[in-house]
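Shown next, in structure tokens, is the structure this report addresses.
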Amino acid sequence: MSDTPDLTAWIGRTETATDLITPRLMASFQVILTPHLATGLAVPLGLHWCRAPLIAPAAQQVDGRRRRTATTCTAPPMCAT
């Protein structure tokens, strides 16, 4: 028996969000992660991980993250209820 949760229920699920990349955001990202960033790119690699955070009312959050319910998440222990 494995301690790894069965994540097959997550296969094929998607979420789409949009956000803006501003010069200030790119400058902040570069200051924090330099010298670990590749050079010569229009947009630093990894910047997409900082964009379009899920936004939910406080009543729907757990530790600042959107609360996931049994209908949106079926793979414990990654779910917060």
Seminar exercise, completed: Per the filter on region 17-40, residues out of contact with any Gly (no Cβ under 9 Å at 6 or more places or on another chain), not aliphatic (A, V, I, L, M) and not in a loop (DSSP other than H, G, I, E, B) are P23, R24, S28, Q30
Exercise. Since I11 meets every condition but one in (1) at pLDDT 80 or above; (2) open to solvent by less than 70 Å² (accessible area, probe 1.4 Å); (3) aliphatic (A, V, I, L, M), which condition does it not meet?
Worked result: (2)
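The values are calculated or read from the model by the stated rules, or taken from the named source; none is laboratory data. On a predicted model such as this, the values are computed, not experimentally measured, just so you know. In this analysis, Cβ positions are derived from the backbone assuming ideal geometry, glycine residues included, and neighbour counts consider all displayed protein chains. Note: accessible area is taken over every heavy atom of the protein model, side chains too, but ligands, DNA and RNA are not part of it. Shrake-Rupley method; radii C 1.70, N 1.55, O 1.52, S 1.80 Å.
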